[in-house]
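The values are calculated or read from the model by the stated rules, or taken from the named source; none is laboratory data. All values derive from a computational prediction rather than experimental measurement. Ideal geometry is used to build each Cβ from the backbone, glycine not excepted, and the neighbour counts take in all protein chains shown. With ligands, DNA and RNA removed, areas are computed over all heavy atoms of the protein, side chains included. Shrake-Rupley method; radii C 1.70, N 1.55, O 1.52, S 1.80 Å.
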Amino acid sequence: MYPENELYVPMLKAKQGELNALSHLKDGAQCLLKPFLDIPRPTDVTGVDVYLKKVSGKIGQAWGGEDTFYVDLSDFPLQLRCGNGRHPLAVCHESLHEVGGKPIPVYGFDRDDDYLRAICRLPELGRWGLCVRLDEDDFVSEEELGGRINQLLTLTGLSMRDVDILIDLRSIIAVSPQALMGIARRGVAWVLGIGRFRSITLAASNFPKDVSGVRRDSVGFVERREFALWQEIHEAFSRQVRVRFGDYGIVHPDFVGGIIAPNRNAKIRYTLESSWMIVRGHAVNETQGAIQNPELSETLVSRREFLGPQFSWGDDYINKCAAREVGPGNPTTWVSVDTSHHLALTSSQVANAVQVITRATEGARV
């Protein structure tokens, strides 16, 4: 079984900003979460080996030691191979092991036979197990889903207790509350009907693709619908299983990054209990780069929602930026800052919610 305190699975891109945030986690937050790292596809398909070794080195620095984590190459074209013809998944895991990482491979039923064969050949598969990433398309037929998972177990030689199930709803912005609840309930119920797995995680995101919904040079709010959804699902199934919470942090699930948009807006995405507070400036091409960030930080620090510099590394940076004790940073800096605060708040929030629901369930049994 996974450690009982691992309650939160943040779905992060394995990019410098997100990895910086992981590396600055305090111990209290670190022990409550297990990162899910999506490795972005390489821009140079002739240097996949070098790219994977470089990314693996950064992951090892951010999340080394004894803690396992999920790593997925779902963004890689299935036909892509490394220079020597090896599968990228094999090279990725080998590179991660070299830097002391303990990666758990991820499989989805949209992958091909070569991908599955690469997973089956991983030397540490029997030790750390497997994560199966399911999306909405996988929940069409309960019988078919059960058959696919049982076949996967046979091919890998794993038991259900070696497998983590991730129900990934991705963006839920356009889904009605009623439909969303139906999809989530069906997903968890079907997985439980198949058997007892090592863990079940429900992941989703209501974060928008951009901040156009917030007026420029103002403060606005975006609802964190995914957290409310998880609370209802966790409570509904608490007598059967502890459903872990997953989200996409402070970006939209389809966010790619790496594209420098001259008209991008300066902003701070500050996570609250039930919403994100967006402190929005204006297009950076109207000013000199990140010059707006100290002023945006001042605005945030002056508000009652600011939790103080001791709360996380990101909060400390915001406070120092407002006081002009650090520079204005760049887009990668602010992904790190915003993600740092988000991970600290959400890990604590999930732990508190689980404790409340557990007490209520135990009280009902007396």
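Working only within segment 236-266, note down all residues that are modelled with pLDDT of 95 or more, surrounded by 23 or more Cβ atoms within 10 Å (Cβ to Cβ) and either in a strand (DSSP E or B) or among the aromatic types (Phe, Trp, Tyr) (or both). Correct list: 243, 244, 245, 246, 247, 248. Can you find a residue in segment 6-25 that is under 23 Å from residue 226 (Cα atoms), out of contact with any helix residue (DSSP H, G or I) (no Cβ under 8 Å at 6 or more places or on another chain) and of a type in the set (Val, Ile, Thr)? Within segment 6-25, one or more residues are under 23 Å from residue 226 (Cα atoms), out of contact with any helix residue (DSSP H, G or I) (no Cβ under 8 Å at 6 or more places or on another chain) and of a type in the set (Val, Ile, Thr).
The C-beta contact set for segment 106-117 (first residue over 16 Å from residue 139 (Cα atoms), second residue of a type in the set (Gly, Ala, Ser) and open to solvent by less than 40 Å² (accessible area, probe 1.4 Å), distance under 9 angstrom, 6+ apart or interchain) comprises 115/108. Selection over segment 321-366 of residues that are at pLDDT below 95 and not in a helix (DSSP H, G or I) gives a count of 5. When segment 51-77 is filtered for residues that are more than 25 Å from residue 127 (Cβ to Cβ) and exposed (fewer than 14 other Cβ atoms within 10 Å of the Cβ), the ones remaining, listed by number, are 54, 75, 77. Summed over segment 1-44, residues that are among the hydrophobic types (A, V, I, L, M, F, W, C), touching a strand residue (DSSP E or B) at 6+ places or on another chain (Cβ under 7 Å) and within 20 Å of residue 163 (Cα to Cα) total 7. Flag not set for residue 45, criterion: in contact with a Gly (Cβ under 7 Å, 6 or more places away or on another chain) and open to solvent by 10 Å² or more (accessible area, probe 1.4 Å). Of the strands (runs of 3 or more DSSP E) contained entirely in segment 124-220, those carrying at least 3 residues that are open to solvent by less than 20 Å² (accessible area, probe 1.4 Å) and over 22 Å from residue 112 (Cβ atoms) fall at 199-205. The listed residues are 29, 21, and the only one of them that is modelled with pLDDT under 95 and open to solvent by less than 60 Å² (accessible area, probe 1.4 Å) turns out to be 29. Which pairs turn up if I take residues in segment 36-49 that are closer than 14 Å to residue 89 by Cα and outside any loop (DSSP other than H, G, I, E, B) and look for partners that are open to solvent by 90 Å² or more (accessible area, probe 1.4 Å) and among the aromatic types (Phe, Trp, Tyr) with beta carbon separation below 6 Å, at least 6 apart in sequence or on another chain? Matching pairs, first to second residue: none at all. For first residues located in segment 306-322 and polar (S, T, N, Q), partners that are at pLDDT 95 or above and lie 6+ apart or on another chain with Cβ distances below 7 Å form the pairs 312/340; 312/341; 312/344; 319/301; 319/309.
Yes or no, residue by residue, for (1) at pLDDT 95 or above; (2) in contact with a strand residue (DSSP E or B) (Cβ under 9 Å, 6 or more places away or on another chain):
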site	(1), (2)
46	no, no
53	yes, no
64	no, no
69	yes, yes
78	yes, no
91	yes, no
100	no, no
113	yes, no
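Residues that are under 15 Å from residue 353 (Cα atoms), crowded, with 16+ Cβ neighbours inside 10 Å and aliphatic (A, V, I, L, M) within segment 221-235 comprise 229, 233, listed in sequence order. Might you let me know whether segment 53-68 holds any residue that is under 27 Å from residue 135 (Cβ atoms) and among the polar types (S, T, N, Q)? For segment 53-68, residues under 27 Å from residue 135 (Cβ atoms) and among the polar types (S, T, N, Q): present.
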